[in-house]
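K.L.:
After the structure tokens below, expect a handful of questions from me.
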Amino acid sequence: MSERILNPDLGFVKEVIKSGGESLKKCYQCATCSVVCNVTPDENPFPRKEMIQAQWGLKDELFRNPDIWLCHQCSDCTAYCPRGAKPGEVLNAIRKMSLQEFSVPGFLARMVNQPVFLLLLLAVPLAALLASGAGHVPAGPVEFGKPGGFLFSLKYIDPLFTSVAVLALLSLFLGIRKYWSAMSEGQSSSGKSPATDISLGTAIKETVKEILAHKRFDKCETTKGRSTAHKLVFYSFIGLFITTVLAFGKVILEPNGGYLAYLGHPVNVSASLLTGLVVVYKIIGNISAAALIIGILLVMGNRMKNAKKAGLGSYYDWLFISLVAGLGITGLLAELLRVGNMPAAYPVYVVHLCFVFFLFAYAPFSKMAHMFYRATAMVFEKKSGKA
Amino acid sequence: MAEQCILVIGGGISGLTAAIEAAEAGYDVCIVEKNPYLGGRVAQLNKYFPKLCPPVCGLEINYRRIKENAKVKFYTMAQVESVTAREGSYDVTVKVAPRYINDRCVSCDACAQACPAERQDDFNFGMSKTTAAYLPFDQAYPMRYVIDAANCKDGCMQKCKEACKYGAVELDMKPETVKINASAIVVATGWDPYDISKADNLGMGKVKNVITNMMMERLAAPNGPTAGRILRPSDGKEPKKVAFVQCAGSRDENHLSYCSYICCMASLKQTTYLKEQYPDATADIFYIDIRTPGRYEKFYWKVRDMEGVSFTKGKVARVENTEGDDVLVTLEDVLSGKKVRMAFDMVVLAAGMQSATRQNPLQLGINYTAEGMIVPSSLKPGIYAVGSSKSPVDVAKSVQDATGAALRSIQSAIKLLPAGGIR
């Protein structure tokens, strides 16, 4: 092997320790972790090498590698670690830091992951909603979506949320692109030629299949129940996404007060089609909401139950979990209050919208981004023939 | 009338050394040993490191010194029941379990041949059986049979009695209580092999040809279950490809947080057993760090340079059954960064040592570490702990420690060290 000069970044080591990897330095490189891990590849397995890279402050080596995201934090490594070095927690801290490294703009990632900024970040959607007229409670029966209802009286709500969603997607795209080129660079500097026989399309298709089936998650042993909990939350998010798209479609198409009608281009949609649409998205929405709440409560329960073996998690984890739980609970509560025709539904709905905003506007910087980065790492792994 | 003596709890190499050294200096000594024989763990070893001589030689010398010295009294199958301090000495009650065979025994084996019942041979870690009337091992001291009453019921003992021409079998032997007034107490309770089946990824008790290092000692010992031939347990095949898994339970917070000190040397030593019997065999030693303290390093170099012996840095963290009763081990070779799966004929787990006081703490007002080792600074005046009751040690260090404790206990006996004196 040729001579190589390592440049340890001590600031980075301290940052890992501060970010939930306080056990990092306990590692003595026995490699038990790499063996008990069921999701690691045989060639250059993780997380033993990540532990020494982190101890030595080799930031680039860590960030330019798909491995930190291929880790699903099963915590089998942490349970079997003879030193209590908690590789699972250390890698989680490094993942959080890699979000700060790649996401655009980076300062938002630092803000999202520091408790001091929480209120400020929450104040943004609240102020926007109030400015949009959310402080005004319409008279008459409690209604959100119907023409003339609450949502329709919020003047800027749809343009605001839509543009925030577009910005978030753009930011995610830029972050992921940075991560991808960093990984490519890392691979070419390590001298291993990438396998070329798998196309990007195939790699993406295979990754999506794998994620839908939660194949890797199912290999976790120490934290077995996590796969079920995660599946519930994951599929409920898909369900809620479909619900949102359908509901948005209805709001656009509605001949009586819909956007197109408002803009002077009403479309001729039959009333029965619209009613059918409403029935379908209400069913999907309610099932998804129930699955979301059950799933996220299971996530919380699992975390508490496994805290001793796997660690409780950090602010980065709990912020995300709390947001998802808050989203589900306020959503359901707002619905119940509306059905009960109680005006308290309005403020609850505003809180719900704040959660929605927080989750999606800050998605590129919070743990919400894990799905994109992990999926990217999986695609890269397949494309480079590492798997 | 209570026996006046220096009490030595434990008749292994440490206890024997302390007792004999004090007795040869002219002091009365009582040894209390829970096994039916003296010699402890050392009696189970095939060879000592680094000289590779059989421990029975050393033990025999000690047995002779005891035989020739009227000042040493010993109780086998005995355990300390209670200890109370009195005027610079200790009143000790010892319970002696019935052996059912008295001192008329000439070790003719007639009772064993007549005995219809069997028992697991714990001296060989269950790798063989003996009849319920048995001699613990061929050079046992005292050279006297024992009847395992729990495994010899319903007229079984009667058959042993009838077979004995010397009237040595006593069916109505009862537990006895012995009173001792001890001027000093030497705690030499020794160690137990750590129960490595608790590490559920290392296969002990689940994977057929996984054994512990102490089992390897018995397999290689001429008086062991295979008469000294190293054969793997499942089918008696000669193992030609053997793995040694270091730190099996040691340096592991989930098991024993400390280094057991002797396991690296034990595996290196056992590699020489293997190579001696099967020169074409290969030994793979998987380690985190090879720890051969002090001059033992030279022994490491010697074994390292043997043909067919290889060392791989990386802890084995998965052990499974594979075809033909072979054993599959998985590790990450840390130096190459690759996950390695290798099949072996047999796998030896270098299981650590834990102080016997972890399972059976003594009621002496002692503090123990979280893992049951005696904290020496917590010992009361006149009580001394030696050898592996305090920390994992090898035989040589135990003997040195015990010799020092003999002097300390003599000082206590002649009241040079009053209450609160130096410990």
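One line per residue, one yes/no per condition, for (1) assigned to a strand (DSSP E or B); (2) farther than 28 Å from B:VAL186 by Cα; (3) in contact with a strand residue (DSSP E or B) (Cβ under 8 Å, 6 or more places away or on another chain):
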residue	(1), (2), (3)
B:ALA70	no, no, no
B:PHE74	yes, no, yes
B:ASP91	yes, no, yes
B:ARG104	no, yes, no
B:CYS108	no, yes, no
B:ALA140	no, no, no
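K.L.:
Select from segment A:1-36 the residues that are part of a loop (DSSP other than H, G, I, E, B) and closer than 26 Å to B:ALA317 by Cα and list them in ascending order.
P.N.:
A:GLY20, A:GLY21, A:GLU22, A:SER23, A:CYS27, A:TYR28, A:GLN29, A:CYS30, A:ALA31
K.L.:
Sticking with this structure for a sec: If we keep just the residues of segment A:244-266 that are more than 28 Å from A:PHE360 (Cβ to Cβ) and touching a residue at least 12 places away in the same chain (Cβ under 8 Å), which is surrounded by the most Cβ atoms within 10 Å (Cβ to Cβ)?
P.N.:
Restricting to residues being more than 28 Å from A:PHE360 (Cβ to Cβ) and touching a residue at least 12 places away in the same chain (Cβ under 8 Å), the top hit is A:PRO255.
K.L.:
Now, a different point. Scan segment B:78-103 for residues that are over 24 Å from B:LYS153 (Cβ atoms) and not hydrophobic (A, V, I, L, M, F, W, C) and report the count.
P.N.:
Going through segment B:78-103 one residue at a time, the tally reaches 11.
K.L.:
Looking only at residues that are surrounded by 13 or more Cβ atoms within 10 Å (Cβ to Cβ) and in a loop (DSSP other than H, G, I, E, B) in segment A:185-220, which one is modelled with the lowest pLDDT?
P.N.:
The first filter runs over segment A:185-220 and keeps only residues surrounded by 13 or more Cβ atoms within 10 Å (Cβ to Cβ), leaving A:186-187, A:192, A:194, A:198, A:202-208, A:210-211, A:214, A:216-220.
Keeping just the survivors that are in a loop (DSSP other than H, G, I, E, B) gives A:192, A:194, A:198, A:214, A:216, A:220.
Values: A:LYS192: 62, A:PRO194: 56, A:ILE198: 85, A:HIS214: 92, A:ARG216: 91, A:CYS220: 92.
The residue in question is A:PRO194.
K.L.:
Which residues, counting only those in segment A:262-297, are farther than 20 Å from A:THR244 by Cα and modelled with pLDDT under 95?
P.N.:
A:TYR262, A:LEU263, A:GLY264, A:HIS265, A:PRO266, A:VAL267, A:ASN268, A:SER270 - these are the residues of segment A:262-297 that are farther than 20 Å from A:THR244 by Cα and modelled with pLDDT under 95.
K.L.:
Give me the strands (runs of 3 or more DSSP E) completely within segment B:307-404, filtered to those with at least 1 residues that are within 14 Å of chain A (Cβ to nearest Cβ) and among the basic types (Lys, Arg), ordered by residue number.
P.N.:
Result: B:309-313, B:318-321, B:338-344.
K.L.:
Please find, among B:ASP200, B:ASP235, B:ASP154, B:ASP172, the residue that is within 14 Å of chain A (Cβ to nearest Cβ), surrounded by fewer than 19 Cβ atoms within 10 Å (Cβ to Cβ) and over 23 Å from the mean Cα position of the chain (by Cα).
P.N.:
Exactly one residue qualifies, and that residue is B:ASP200.
K.L.:
Considering each residue of segment A:258-295, count those that are touching a Lys or Arg at 6+ places or on another chain (Cβ under 8 Å) and under 18 Å from A:PHE152 (Cβ atoms), and give that number.
P.N.:
Final tally of qualifying residues: 5.
K.L.:
Can you give me the number of residues within segment A:37-92 that are under 21 Å from A:ALA307 (Cα atoms), within 14 Å of chain B (Cβ to nearest Cβ), of a type in the set (D, E, K, R) and in a helix (DSSP H, G or I)?
P.N.:
Matching residues across segment A:37-92 total 1.
K.L.:
Go through A:ALA85, A:ALA54 for me and flag whichever is more than 25 Å from A:SER227 (Cα to Cα) and buried (at least 24 other Cβ atoms within 10 Å of the Cβ).
P.N.:
A:ALA54
K.L.:
Another question, then. Scan B:ASN102, B:ASN124 and give me the residue that is touching a Gly at 6+ places or on another chain (Cβ under 9 Å) and either surrounded by 20 or more Cβ atoms within 10 Å (Cβ to Cβ) or closer than 30 Å to B:SER197 by Cβ (or both).
P.N.:
Details: B:ASN102 fails: either surrounded by 20 or more Cβ atoms within 10 Å (Cβ to Cβ) or closer than 30 Å to B:SER197 by Cβ (or both).
So the residue among B:ASN102, B:ASN124 that is touching a Gly at 6+ places or on another chain (Cβ under 9 Å) and either surrounded by 20 or more Cβ atoms within 10 Å (Cβ to Cβ) or closer than 30 Å to B:SER197 by Cβ (or both) is B:ASN124.
K.L.:
Continuing with the same structure: Cβ contacts < 6 Å: first residue at pLDDT 95 or above, restricted to segment B:55-66; second residue not in a helix (DSSP H, G or I), any location; separation 6+ or different chain. Result?
P.N.:
Within 6 Å, the pairs are B:TYR63/B:TYR141; B:ILE66/B:VAL72.
K.L.:
Give the residues of segment B:1-53 that are assigned to a loop (DSSP other than H, G, I, E, B) and among the basic types (Lys, Arg), sorted by residue number.
P.N.:
B:LYS34, B:LYS47, B:LYS51
The rows are residues; the columns are (1) among the aromatic types (Phe, Trp, Tyr); (2) in contact (Cβ under 8 Å) with a residue 40 or more places away in the chain; (3) closer than 26 Å to B:PRO361 by Cα.
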{"residue": "B:LYS179", "(1), (2), (3)": "no, yes, yes"}
{"residue": "B:TRP191", "(1), (2), (3)": "yes, yes, yes"}
{"residue": "B:LEU202", "(1), (2), (3)": "no, yes, no"}
{"residue": "B:THR212", "(1), (2), (3)": "no, yes, yes"}
{"residue": "B:MET215", "(1), (2), (3)": "no, yes, yes"}
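K.L.:
Then there's this: Looking at A:LEU298, A:LEU337, can you tell me which residue is of a type in the set (A, V, I, L, M, F, W, C), in contact (Cβ under 8 Å) with a residue 40 or more places away in the chain and out of contact with any Lys or Arg (no Cβ under 9 Å at 6 or more places or on another chain)?
P.N.:
A:LEU337
K.L.:
So, of the residues in segment B:271-289 that are in a strand (DSSP E or B) and either more than 14 Å from chain A (Cβ to nearest Cβ) or in contact with a helix residue (DSSP H, G or I) (Cβ under 8 Å, 6 or more places away or on another chain) (or both), which turns out to be farthest from B:VAL245 (Cα to Cα)?
P.N.:
B:THR282
K.L.:
Tell me yes or no: at least one residue of segment B:372-388 is free of Cβ contacts under 8 Å to residues at least 60 places away in the same chain, under 27 Å from A:ASP42 (Cα atoms) and in contact with a Gly (Cβ under 9 Å, 6 or more places away or on another chain).
P.N.:
no
K.L.:
Here is a further query. Which of the numbered conditions does B:ALA405 fail, given that it passes all the others? Conditions: (1) surrounded by 21 or more Cβ atoms within 10 Å (Cβ to Cβ); (2) modelled with pLDDT under 95.
P.N.:
(2)
K.L.:
Another one. Give the residues of segment B:314-331 that are more than 15 Å from B:GLY205 (Cα to Cα), among the charged types (D, E, K, R) and modelled with pLDDT of 95 or more, sorted by residue number.
P.N.:
Correct list: B:LYS315 only.
K.L.:
I want to confirm something. Restricting to segment A:13-22 and keeping residues that are surrounded by fewer than 20 Cβ atoms within 10 Å (Cβ to Cβ) and either in contact (Cβ under 8 Å) with a residue 60 or more places away in the chain or in contact with a Lys or Arg (Cβ under 8 Å, 6 or more places away or on another chain) (or both), which single residue is nearest to the other protein chains (Cβ to nearest Cβ)? Steps first, please.
P.N.:
Quick first cut of segment A:13-22, residues surrounded by fewer than 20 Cβ atoms within 10 Å (Cβ to Cβ) only: A:13-15, A:17-18, A:22.
Imposing the further condition that a residue be either in contact (Cβ under 8 Å) with a residue 60 or more places away in the chain or in contact with a Lys or Arg (Cβ under 8 Å, 6 or more places away or on another chain) (or both) reduces the set to A:15, A:17.
Working: A:GLU15: 25, A:ILE17: 19 Å.
Step by step, filter segment A:13-22, then rank; the result is A:ILE17.
K.L.:
Sticking with this one: Checking A:TYR80 against (1) surrounded by fewer than 22 Cβ atoms within 10 Å (Cβ to Cβ); (2) of a type outside the set (A, V, I, L, M, F, W, C); (3) touching a residue at least 24 places away in the same chain (Cβ under 8 Å): exactly one of these is not met. Which one?
P.N.:
(1) is the only condition that A:TYR80 fails.
The values are calculated or read from the model by the stated rules, or taken from the named source; none is laboratory data. Treat the numbers as computed from the prediction; the structure is a model and nothing was measured. Positions of Cβ are generated from backbone atoms using ideal geometry, with glycine treated the same way; all protein chains shown enter the neighbour counts.
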